[in-house]
1. If R₀ is 22 angstrom, what is the calculated FRET efficiency for the pair Asn112 and Lys11, using the beta carbon separation as r and rounding to 0.05?
2. Just flag the trypsin sites (Lys or Arg not before Pro) in segment 6-73 sitting in loop per DSSP whose Cβ has no more than 15 other Cβ atoms within 10 Å.
3. Given H placed on each backbone N at 1.01 Å, which residues far from Leu52 in sequence or on other chains put an amide H within less than 5 Å of it?
4. Using 1/(1 + (r/R0)^6) with R0 = 35 angstrom and r between the beta carbons of Tyr134 and Lys49, what's the FRET efficiency to the nearest 0.05?
5. What is the calculated FRET efficiency for Lys59 to Met22, with r their C-beta to C-beta distance and R₀ = 35 Å, to the nearest 0.05?
Amino acid sequence: MGRVLAIDFGKKRTGIAVTDEMQIIASGLTTIGTDELLPFLKDYISKEKVDLFLVGKPKQMDNSDSESEALIIPFLKKLAKAIPHIPMQRVDERFTSKMAFQTMIDSGLGKNKRKNKALVDEISATIILQSYLYNQ
């Protein structure tokens with residue numbers, strides 16, 4: 001069994017989280033520059049077995065796609081072309097950034113560390129992955 005890799009895609013930065021090989025535990029992996037995402041994923045899958053890419057789907061409160069979806073669609077096409085053997089699934093990512101920030105507060109991180117947007121992105125990817133695992 002391989003890992004599930006979650007992607008919280010952003011214009012500048014992308015948060016990434018993965019499961020263990022048994023697909024039980026979600027853990028933050030890293031945050032990287034979005035322009036480095038495809039090479040990172042190719043390198044990662046050369047070292048680890050990945051069964052599924054889980055990609056956040058940003059939605060508005062009325063359930064319509066958010067503006068950032070227009071940035072994600074071209075990436076998804078590139079990903080499908082570059083790594084066609086790993087399926088992709090989309091997951092509603094509404095409120096994940098707010099939940100990530102609250103998680104940082106609840107865990108006692110100081111104000112300066114809570115300003116770290118890369119950490120927020122990684123935690124958001126982990127929340128996306130946790131919600132997927134919970135609903136399986």
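Read-outs: derived from the displayed coordinates by stated rules, not from any lab. Just so it is clear, the model here is predicted, and its values are computed rather than measured. Note: ideal-geometry Cβ built from the backbone for every residue, glycine included; neighbour counts use all protein chains shown.
1. For Asn112 and Lys11, the calculated efficiency is 0.40.
2. Lys11, Lys12, Lys49
3. Under 5 Å from the amide H of Leu52 lie the amide H atoms of Leu5, each far enough along the sequence or on another chain.
4. Calculated value: 0.95.
5. Rounded to the nearest 0.05, the efficiency is 0.70.
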